[in-house]
Each structure stands twice: as C-alpha cells, then as structure tokens.
Amino acid sequence: MTLLHELSGRKAKFIEPCLPRAAEQPPAGRNWIHEIKHDGFRIMAKLDPKGVRLLTRNGNDFAGRFPLAASAIAALPVETCLIDSEAIVCDPNGLALFDLLRDWRHNDVAVLCAFDLIELEGHDLRRTPIEARKRMLSDLLRRSHPGITLNKHFGGDGNVIFEHAYALGCEGIVSKRLGSPYLSGRSDYLVKVKNQNAPAVRREAEEEWGAIVAPLALMCWPVQKNGGNDQDGYAGGDESVLDRHDRRRLVFPEGSELPHLPDCNGQL
C-alpha cells in the first residue's frame, strides 16, 4: 500500500501558508533540511475541477498574470492538488529578483518554484511529515512543465548551505525540521536566515525606513508650483508625491549604491 493510500481522505481547502521564524543562523543538527529562499511572490497553486488558481497570501488569483506557471499546474497528471510555492523571475545568471517579477513585462516568463505539497487527489497532507510530502512533490513534478520547478532541499550543515546561498546572492535559506507537519501561520518548525547583502533584504530595509522617513519629508520637501516656475512651495497633502528615486535618497546618502534592475540585454 502506498503512502497516499494510507492517508486520510479529507480534502484540504485553501489554507493560510506556513511562515518561518527569523534567526541569526541556521539550526544545528541532523534533524533539519535546508532550502534556498528565493525572492518572489508566495503562491498557493491550486488545481481542481474548477481549473487553476494561483493564490497570493492576500487571496488574489494570479493565474491570468502568470500564464506559463498556470499552464504548468494545468498540465500536472492529477485531478486535484495544492502546492506551496514561490513565483519567481530570474536574471540571466539564474538569480530570482523581485524587481523583475513585479515588472509586468516579464509575466510570461514567471515560473513557480515549488517546495511543499499540501493536498493531492483529495488527500489532506498537512499531518504528513515534511520529508514524505517532499518525496510526493518530487514524484509529481518528475515530468513537469517548464513553468514549474522543484525547490530542492539539502541535508547536512545549515551554515554551509547558507554560505553557498550567500555566495550566489540569494535571499537566504529556510530550514525545516524533519518529521514536522504543515502548520498555517508562524511555526517553530521552520527557520529562515537572511543574506543581509541580498537585493531582497536591502529592499525590505529601504521600505521600512522609507515608511518612517517619507511622511516626515513630505512636510518639508520643496515642490514646483505655477507650472514649475515657483520653487518656494512645500509639499503637503496631495500637492506633491516623492517618486521612488527620491524616497531612496531620503534613506541612502548620495553616491551610495541603490537596488536597481540588472542589465539583462534581452536575455529574459
């Protein structure tokens, strides 16, 4: 009897994703596996008789926005499944960059990086150990479409895995405890360690500081009035809006390196 036949027949509806807790370093010991953390949109990819849905954490369906990823889910050789994944767009070096993903010009090349299987053919897998869910997901994607790929995991020393992720410029790693179930919300079974030099982490720091500084700057930022002939006005209310470049300069001094889109030279 296969593992799938031993599982409960209760079908999992859409559920909130599990979230890792942050840590300064990966957990030690052999009871953990480690994955690269990619910079993209968290997506619950759902296939059922109604079709394909690519659901974000806010409940938005991105199946229409990411057609390659949606067609990959539709092509899976099952009637129903629910896959936890990250929608990503990579630069020519294979590094997932959020700035590329949120640019609508790249929607057609966005793919899903799948890392967990929550439901399969009507079977709720949330109580199934992570390593078994991983094996089933790997089997499901063995003959997969180019719009979806398996986010492989690694055993061994998490610090070594993180060093490799750091060298590649990835966002970081997520460590998952062997034997753990799938739990919605923040979980101690999952631990993330971020690469502070990655574009994703720099962007988060920029946005956090910008949320604090920009409202204050709007009260005293010089604006043009009367068709641009008057420079002595100051922003307030809707009179002026700082563009993204100006908001960065409020946080990062002039001359510092800012996050930017890489020169892809048409290779996307």
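Data table
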item	result
Test: residue in the stretch 16-36 that is free of Cβ contacts under 8 Å to residues at least 24 places away in the same chain, of a type in the set (Asp, Glu) and farther than 18 Å from Asp124 by Cα	no
Qualifying residue in the stretch 146-165 (condition: of a type in the set (S, T, N, Q), more than 28 Å from Pro27 (Cα to Cα) and modelled with pLDDT of 90 or more)	no
Of residues in the stretch 101-135 being of a type in the set (Lys, Arg) and surrounded by fewer than 17 Cβ atoms within 10 Å (Cβ to Cβ), the one farthest from the chain's Cα centre (by Cα)	Arg127
Residue in the stretch 206-222 that is at pLDDT below 90, under 17 Å from the mean Cα position of the chain (by Cα) and more than 25 Å from Ala132 (Cβ to Cβ) present	yes
Filtered residue count, the stretch 78-125, keeping only those that are in a loop (DSSP other than H, G, I, E, B), out of contact with any helix residue (DSSP H, G or I) (no Cβ under 8 Å at 6 or more places or on another chain) and of a type outside the set (D, E, K, R)	5
Subset of the stretch 137-164 [crowded, with 21+ Cβ neighbours inside 10 Å and hydrophobic (A, V, I, L, M, F, W, C)]	Leu137, Ile148, Ile161, Phe162
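The rows are residues; the columns are (1) in contact with a Gly (Cβ under 6 Å, 6 or more places away or on another chain); (2) at pLDDT 95 or above; (3) surrounded by fewer than 12 Cβ atoms within 10 Å (Cβ to Cβ).
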{"position": "Thr2", "(1), (2), (3)": "no, no, yes"}
{"position": "Ser8", "(1), (2), (3)": "no, no, no"}
{"position": "Lys11", "(1), (2), (3)": "yes, no, no"}
{"position": "Ile43", "(1), (2), (3)": "no, yes, no"}
{"position": "Lys46", "(1), (2), (3)": "no, yes, no"}
{"position": "Ala75", "(1), (2), (3)": "no, yes, no"}
{"position": "Glu86", "(1), (2), (3)": "yes, yes, no"}
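The values are calculated or read from the model by the stated rules, or taken from the named source; none is laboratory data. The structure presented is a predicted model; accordingly, all values stated were derived computationally and were not measured. Positions of Cβ are generated from backbone atoms using ideal geometry, with glycine treated the same way; all protein chains shown enter the neighbour counts.
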